[in-house]
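Quick notes on the structure that follows.
The values are calculated or read from the model by the stated rules, or taken from the named source; none is laboratory data. Since we're looking at a predicted model, the values are computed, not measured. We place every Cβ from the backbone using ideal geometry, glycine too, and count neighbours over all the protein chains shown.
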Amino acid sequence: MNKDLIHLIEKEYQIRINDYHPLKKAWVLQTNRGPFFLKSFVFRDGPRLQFIDGAMRHLIKRGFNHIIPFKRTKKGDPYISYAKEIYFMTPYIKARQCNYNNPDELSKAASLLAELHLASFGYRPSPDLNPQYFWGLWPRRFKEKIQHLYTFKNNLEKKANLDQFDQIFIEKFSYYFQKAHQALDQLLKSDYQRLMFNEQRFHSFCHHDYEYHNLLITPENHYYVIDFDYLLCDTHLHDLASLLIRAGRRSKWDEKKRELVIRAYHQIYPIHPEEIPIIQAMMLFPQVYWQVAFARYFENQPWPLERFINDISRKTKYEKARVKYIENLNIP
């Protein structure tokens, strides 16, 4: 962190920084007003950060007391701009990450997610804030990803020498391409569009990155939800399906973890029978297979070949258990 940024932070937030140290891709600041967490916003988009700030303040206003709000500048803004970057600050909370392998913590995470979704009702951001809407767009997104997979495979067929990752991708292609179409077909045959039309009238949103490291637990056992960077105005089923996938993958698709998540969520925000096929379709699509291939063939990520090989091998392991985990999904 350079002196100009430190001076700007002290000026705009009216604090004095006594010390600081890096924490992952952010900073912890020790100041005359206590410790703060400083982070650059991934999208470098001021209005979009205001959209997120508005959503967080909406949750707090609705009684969801598991948010760490942005510290305001002396002008009342939720961020500062410096060298083409957007920075925001929050109070630094002494806490640890949630453990999705712990049944009690996973259950609490599911309950908290349901509470967040209900508290999100009624959020109407200004169009000027670049709000992210995804209502009714899952079929289109599935079709785009299916086309990506098809293109990657066609390009590899023209490649003279396939490396080990290429060979693994081709070997798994037929199976996962079929699963992608199966997920799309199930979504199209479901009540997805009707339910999305009804749900979007609630003006709600989802977190869109409800990972274990975005749930903090204090020594007093209070939970905080953090990192709303990828927040979307979309169905609550999106977050629920993602949590079910994360709980399953970390437990080698233990069906008891699925039941635990569904039961805890359902007690707060009831799940209806017509929603089950939609959740299943969201879970069935081979997202990790597409994701690793997309990083390799489209984004051209400069990672070592071994990383790509390990990712696709590890993340597609226990496939039979994954499919069973999804097919047996029911309301408790």
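Side notes on the structure shown:
- Phe70 being touching a helix residue (DSSP H, G or I) at 6+ places or on another chain (Cβ under 8 Å), more than 28 Å from His7 (Cα to Cα) and of a type in the set (A, V, I, L, M, F, W, C): no
- Of all the listed residues (Leu195, Leu244), the sole one being at pLDDT 95 or above, crowded, with 20+ Cβ neighbours inside 10 Å and in a helix (DSSP H, G or I) is Leu244.
- For the range 80-122, a residue qualifies if it is more than 24 Å from Phe36 (Cβ to Cβ) and of a type in the set (Gly, Ala, Ser), and the qualifying residues are Ser107, Ala109, Ala110, Ser111, Ala114, Ala119, Ser120, Gly122.
- Within the range 197-247, the set of residues being farther than 14 Å from Leu113 by Cα and of a type in the set (S, T, N, Q) comprises Asn198, Gln200, Thr218, Asn221.
- Among the residues of the range 277-319, just one is in a helix (DSSP H, G or I), aromatic (Phe, Trp, Tyr) and closer than 19 Å to Trp253 by Cα, namely Tyr289.
- Test: residue in the range 128-137 that is in a loop (DSSP other than H, G, I, E, B), over 24 Å from Asp45 (Cβ atoms) and in contact with an Asp or Glu (Cβ under 6 Å, 6 or more places away or on another chain): no
- Yes/no for Gln147 being assigned by TED's automatic domain parsing to the domain that holds Glu171 and surrounded by fewer than 16 Cβ atoms within 10 Å (Cβ to Cβ): yes
- Residue in the range 79-86 that is assigned to a loop (DSSP other than H, G, I, E, B), over 18 Å from the mean Cα position of the chain (by Cα) and surrounded by 18 or more Cβ atoms within 10 Å (Cβ to Cβ) present: yes
- Looking across the range 23-60 at every residue that is in contact with a helix residue (DSSP H, G or I) (Cβ under 8 Å, 6 or more places away or on another chain) and part of a loop (DSSP other than H, G, I, E, B), the one that is farthest from Lys94 (Cα to Cα) is identified as Phe43.
Each row is one residue, and each column tells you yes or no for (1) at pLDDT 95 or above; (2) over 25 Å from the mean Cα position of the chain (by Cα).
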position	(1), (2)
Pro131	no, no
Gly136	yes, no
Pro139	yes, no
Lys143	yes, no
Asn155	yes, yes
Asp166	yes, yes
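- Residues being under 30 Å from Phe173 (Cβ atoms), in a helix (DSSP H, G or I) and among the polar types (S, T, N, Q) are entirely absent from the range 213-236.
- Flag if Arg96 is over 24 Å from Ser204 (Cα atoms) and at pLDDT 95 or above: yes
- Where Ala264 falls short, out of the listed (1) among the small types (Gly, Ala, Ser); (2) over 19 Å from Leu106 (Cα atoms); (3) part of a helix (DSSP H, G or I): (2)
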